[in-house]
Amino acid sequence: MNKTVGWGFIGTSNIAKQWMAAAVRHQPGHEVMAVMSNSLSRAEMYAQDLKIANAYDSFAALLADPAVDVVYISNTNEQHKPAVLAAAKAGKHVFCEKPLALNLADAAEMVSACKQAGVVMATNHHLRNAATHQAIRAEIAAGTVGQVIGVRIFHAIHLPQPLQTWRVNDPKAGGGVVLDVAVHDADVIRYLLAEDPVDVMAYAQTGGMASAVEDGAMTMLQMPSGALVQTHESFMVPYAGTGLEVHGTKGSIVARDILTQRSAGTVEVITETGRRQLDIQHHNLYHYSLAQFAQAIAGNGQPAVTGEDGLKSLAIALAMLKSAEQGQRVRIDYPTVYAQ
Ligand code: NDP
């Protein structure tokens with residue numbers, strides 16, 4: 001009989017509770033076996049709430065639990081690095097939240113540590129797991145829109161009141177809309193266009209919801225192919241709706257409501273033959289990525305979003321922040337990762 005693949009959750013987070021616990025349990029043979037918090041009472045309450053067998057208040061205790069094969073790291077962003085390094089050292093596979101870290105050196109060290117330990121590392125950029133994004137990528141790759149000239153990403157949302165904590169007031173925890181939202185858009189761009197942006201110009205604002213971090217940003221990215229990408233992220237815009245447009249020499253793709261955790265959204269393709277609404281067979285984004293991760297840890301293929309992907313999206317997001325701060329164009333630095 002096959003052993004259960006046991007997950008240890010590091011962080012009593014909202015995302016783990018809202019999406020990831022159910023996504024783990026959706027995978028045949030996978031179960032959440034333990035949770036770890038900086039506070040034992042918080043871990044115990046969380047464990048009781050989510051029906052998780054064991055609760056701990058240290059990495060060491062969770063990682064010593066023989067039932068834990070994989071860790072899911074969703075504490076605040078500055079705590080991802082020590083968690084990943086400890087998990088890799090203990091030989092556990094790693095599914096880490098974005099942004100991987102607050103600087104590139106730390107993120108590169110995390111990815112290297114997992115490589116060196118021979119464990120699988122994934123980054124939780126959910127959007128490329130959506131059927132909508134997969135359909136758009138396929139249309140671009142098939143040449144439906146011809147040469148891509150420009151992409152526009154609309155990701156201005158209203159951050160719900162319960163999430164207005166470290167995200168809006170704590171730079172040390174990696175708060176701010178760029179590391180929270182634009183980093184996802186960076187992954188979307190890389191996924192859709194299958195190339196990595198070269199440089200970025202960005203503006204950021206602190207418009208009233210946030211203090212000490214930015215709560216809005218607009219960015220321009222230049223792609224190696226010559227395509228230009230424009231993004232808009234905000235915590236303060238309740239009614240814009242999300243969307244994405246790809247404009248090429250032979251056609252355009254107009255997608256709405258697709259920068260979301262929900263299985264939702266529409267994609268329309270416009271070419272000389274007319275307008276065509278794609279028939280999207282939606283699936284759960286987190287179920288999809290965990291199915292791929294389950295395969296990867298069984299030795300088949302790669303996670304949907306690897307550690308290196310998380311490193312690259314972080315490189316782009318950090319370049320956005322640097323550009324906004326310096327008021328100038330910034331070249332994006334992609335570190336090389338070695339297994340030491
Ligand atoms: P939360 O704000 O819900 O939780 C973060 C940490 O806050 C927890 O680990 C916990 O610490 C602490 N905490 C929770 N409740 C309390 C409390 N009552 N009192 C004191 N501290 C508390 O995090 P999110 O779920 O919003 O985000 C977690 C991570 O996931 C981040 O890295 C974020 O960027 C990422 N994220 C990713 C998404 C995706 O779709 N990929 C979506 C949302 C977030 P402790 O563990 O010590 O108990």
(Q) Against the definition (among the acidic types (D, E) and surrounded by 14 or more Cβ atoms within 10 Å (Cβ to Cβ)), how does D199 come out, yes or no? (A) yes
**Q.** Flag for V151 being within 16 Å of the ligand (Cβ to nearest atom), within 24 Å of Q222 (Cα to Cα) and of a type outside the set (F, W, Y)
**A.** no
Q: Would you please name the residue that is most open to solvent (accessible area, probe 1.4 Å), looking only at residues in the stretch 77-128 that are of a type in the set (S, T, N, Q) and within 14 Å of the ligand (Cβ to nearest atom)?
A: Q79
Q) Looking at (1) exposed (fewer than 15 other Cβ atoms within 10 Å of the Cβ); (2) assigned by TED's automatic domain parsing to the domain that holds V120, can you tell me which one R262 breaks? A) (2)
Q) Assuming D185 fulfils every condition listed in (1) assigned to a loop (DSSP other than H, G, I, E, B); (2) within 24 Å of V84 (Cβ to Cβ); (3) not polar (S, T, N, Q) apart from one, which condition is it? A) (1)
Q) Taking the stretch 2-60 only, how many residues are on the phi > 0 side of the Ramachandran plot and open to solvent by 70 Å² or more (accessible area, probe 1.4 Å)? A) 1
Q: Of the conditions (1) of a type outside the set (F, W, Y); (2) within 11 Å of the ligand (Cβ to nearest atom); (3) without any contact (Cβ under 8 Å) to a residue 40 or more places away in the chain, A64 clears all except one; give me its number.
A: (2)
(Q) Checking I15 against (1) near the ligand (Cβ under 10 Å from one of its atoms); (2) touching a Leu at 6+ places or on another chain (Cβ under 8 Å); (3) of a type in the set (A, V, I, L, M); (4) assigned to a helix (DSSP H, G or I), only one condition comes out false. Which one? (A) (2)
Q. Any residue in the stretch 133-144 that is within 16 Å of the ligand (Cβ to nearest atom), modelled with pLDDT of 95 or more and either open to solvent by 10 Å² or more (accessible area, probe 1.4 Å) or in a helix (DSSP H, G or I) (or both)?
A. yes
Q.
Given (1) more than 12 Å from the ligand (Cβ to nearest atom); (2) under 24 Å from G29 (Cα atoms); (3) in contact with a helix residue (DSSP H, G or I) (Cβ under 6 Å, 6 or more places away or on another chain), identify the lone condition not met by I73.
A. (1)
Q | Those residues of the stretch 312-334 which are more than 12 Å from L179 (Cβ to Cβ) and open to solvent by 40 Å² or more (accessible area, probe 1.4 Å), in sequence order | A | K312, K322, E325, Q326, G327, Q328, R329, R331, D333, Y334
**Q.** Residue list for the stretch 188-215, filter: within 27 Å of T306 (Cα to Cα) and in a loop (DSSP other than H, G, I, E, B)
**A.** A194, E195, D196, P197, V198
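The values are calculated or read from the model by the stated rules, or taken from the named source; none is laboratory data. Since the model is a prediction, treat every value here as computed from it, not as a measurement. Cβ coordinates were reconstructed from backbone atoms using ideal geometry, including for glycine residues, and neighbour counts include every protein chain displayed. The area values use the complete protein model at the heavy-atom level, side chains included, leaving out ligands, DNA and RNA. Shrake-Rupley method; radii C 1.70, N 1.55, O 1.52, S 1.80 Å.
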